[in-house]
Amino acid sequence: MKPYILKYQLLFWMAAATALTGCSKFLDETDPSNFTVDQYYKTAEHARSGVNSIYASMREATSSGFGGGAWMMTEFATGLAATDLGQAVNSYFVKDLINTPDNGYGRTYWVSYYRGIANANLAIEKIPDINMDEAERKKLLGEARFLRAWYYFGLVRMFGNIPLILQPVTLNSPELKPMQVPAEEVYAAIEADLKEAEASGLPWTDASGKVCMGAVKALMAQVYITMAGYPLQKGAPYYELAAKKAEEVIDSKQFSLFATYADLHNPARKNTGENIFMMQFRTQVLPSGWQVAILPYNKNISAYSDETGGIYANIDFIRAFDPADLRVKEKQFFYTKYTSESDRAKTVDLGGYYIYKHFDETAQLTTANSDLNWPVIRYAEVLLTYAEAANEMAGPAAKAYTAVNDIRKRAELPELAGLSKEQFREAVWRERWFELCYENTTWFDMVRLRKAMDLTTRRFEEYVGHKFSYGPVVSEKELLFPIPSQEILDNSNLQQNKGY
């Protein structure tokens with residue numbers, strides 16, 4: 001990791017000048033490569049652009065092509081995804097549970113997230129010394145702390161004990177070759193950052209896509225419900241905290257479920273309604289990078305020249321849906337047929353269930369240049385987090401039923417009623433599996449719960465020992481991903497995760 005930490009700091013201003021802000025506007029800096037760290041962070045404009053640079057690293061995992069894409073890593077690890085992309089060996093290593101430290105997906109996450117952390121560390125250190133409006137300073141620091149927490153939350157769940165770096169690194173810093181710390185220390189830092197962000201005066205919503213109070217509290221709910229489960233197992237007090245933060249988002253009345261699933265992938269609905277926080281993209285500037293991955297392999301249905309067949313739904317997962325569930329109907333969460341690119345009057349049978357919830361219709365039909373954002377936090381997840389956490393505290397009370405039934409009503413499923421605490425728990429888990437599929441959520445649920453859904457019975461069983469429907473069996477090592485081998489070569493203080 002040594003070369004990357006220092007490089008990210010010394011070149012942060014380049015990211016600042018090119019970072020796509022929440023309002024999808026590039027900053028207009030004059031020859032930013034002439035800046036040094038000492039020369040930068042002198043004005044309020046520098047502070048804003050420096051914080052903008054922190055967002056940029058979020059997007060790197062979504063880039064996809066004939067080598068697959070890093071965002072697929074946590075999807076293939078669930079056993080719920082399939083691929084036809086033979087040359088994407090990183091996908092098969094994860095999918096078939098034969099992963100190695102040389103997997104490029106894991107390194108993409110490690111490198112890009114620590115780059116984001118390095119830029120956040122600079123902003124958090126430098127902004128307090130700038131002569132600027134105090135309220136704006138607090139908000140910018142709140143954004144920076146939220147983003148640092150978000151990056152660390154991803155890293156600690158994927159890799160376990162990791163380096164915790166909270167200050168800028170120089171050639172003389174002991175953090176140049178950092179040691180790993182226990183996961184609990186990372187969670188403590190995440191919690192501290194989010195509490196600072198919560199007190200920063202951010203607005204409840206931000207239609208431009210920047211960090212908002214809704215995102216802060218929703219992420220706190222995610223963090224607390226994870227801390228309640230594995231690996232920390234902090235239990236009831238943290239379920240209570242998770243329920244409280246999710247309830248604050250619900251009670252704010254600032255967010256709501258979309259009336260139709262089509263709105264989930266409608267670029268006109270970016271950063272509004274159900275979309276609490278998203279990765280920002282803009283057509284012709286920084287277009288979304290995953291459209292080719294969710295196309296069937298060479299079926300000639302798209303304006304894109306590449307159709308990779310990179311990822312689609314495991315058919316056994318599709319069969320686990322209630323047949324009446326709207327989400328599994330054609331062109332809701334999935335699509336099985338589409339018109340031919342050469343003749344739009346002709347329908348092509350695709351031979352599988354491809355992911356429609358991330359599908360940009362305009363880009364696929366005409367532009368091959370997507371304006372779609374990637375969802376990071378949806379209101380649907382907040383509702384399900386509240387229902388799960390509240391049930392752990394006091395059983396299925398009325399408000400918990402309302403939260404999960406709002407999800408089910410949109411799916412045109414009957415409302416839940418009269419369940420025991422144990423029955424309600426599994427019902428909420430099932431809704432999380434079905435509602436949040438292919439959004440980089442399910443594997444994290446599997447690991448914090450140590451549970452996986454049997455696709456035949458729809459009941460939950462132990463994650464370690466769970467057999468994927470196509471054969472591989474999960475072992476203890478799959479509770480974490482391997483630390484990238486190049487990072488261990490660069491930093492001899494790093495210890496590889498068990499089993500790799």
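Brief remarks on what is shown
- The condition of being outside any helix (DSSP H, G or I), small (G, A, S), closer than 19 Å to H358 by Cα and touching a residue at least 60 places away in the same chain (Cβ under 8 Å) holds for S302.
- You will find that of K299, K331, the residue that is crowded, with 17+ Cβ neighbours inside 10 Å, at pLDDT 95 or above, in contact with a Phe, Trp or Tyr (Cβ under 8 Å, 6 or more places away or on another chain) and within 23 Å of R344 (Cα to Cα) is K299 and no other.
- Within the stretch 228-275, the set of residues being part of a helix (DSSP H, G or I), surrounded by fewer than 21 Cβ atoms within 10 Å (Cβ to Cβ) and charged (D, E, K, R) comprises E240, K244, E247, E248, D251, D263, R269.
- Enumeration of residues in the stretch 394-443 that are under 20 Å from L241 (Cβ atoms) and either charged (D, E, K, R) or assigned to a loop (DSSP other than H, G, I, E, B) (or both): G395, P396, A397, K399, K421, R425, R432, T441
- Of the residues making up the stretch 162-181, just one is without any contact (Cβ under 8 Å) to a residue 40 or more places away in the chain and either part of a helix (DSSP H, G or I) or acidic (D, E) (or both), namely P174.
- Scanning the stretch 481-500 for residues that are outside any helix (DSSP H, G or I), surrounded by 20 or more Cβ atoms within 10 Å (Cβ to Cβ) and within 24 Å of the chain's Cα centre (by Cα) yields F481, P482, I483, P484.
- Figure legend. Inter-residue proximity from the stretch 194-223: first residues free of Cβ contacts under 8 Å to residues at least 60 places away in the same chain and at negative phi, second residues hydroxyl-bearing (S, T, Y) and surrounded by fewer than 19 Cβ atoms within 10 Å (Cβ to Cβ), beta-carbon distance below 6 Å, spacing 6+ or different chains. Indicated pairs: W204/S252.
- Flag if R448 is over 23 Å from P101 (Cβ atoms) and touching a helix residue (DSSP H, G or I) at 6+ places or on another chain (Cβ under 6 Å): yes
- Restricting attention to the stretch 337-393, the residues being out of contact with any strand residue (DSSP E or B) (no Cβ under 7 Å at 6 or more places or on another chain), acidic (D, E), within 16 Å of E307 (Cβ to Cβ) and not in a loop (DSSP other than H, G, I, E, B) number 1.
- Residue-level check: of (1) in contact (Cβ under 8 Å) with a residue 12 or more places away in the chain; (2) over 23 Å from the mean Cα position of the chain (by Cα), E184 misses just (2).
- Candidates T36, T30 - the one that is modelled with pLDDT under 50, surrounded by fewer than 19 Cβ atoms within 10 Å (Cβ to Cβ) and over 22 Å from the mean Cα position of the chain (by Cα): T30
The values are calculated or read from the model by the stated rules, or taken from the named source; none is laboratory data. Predicted model, so just to flag it, every value in this text is computed and none were measured. Methodologically, a virtual Cβ is constructed for each residue, glycine included, from the backbone with ideal geometry; neighbour enumeration extends over all protein chains shown.
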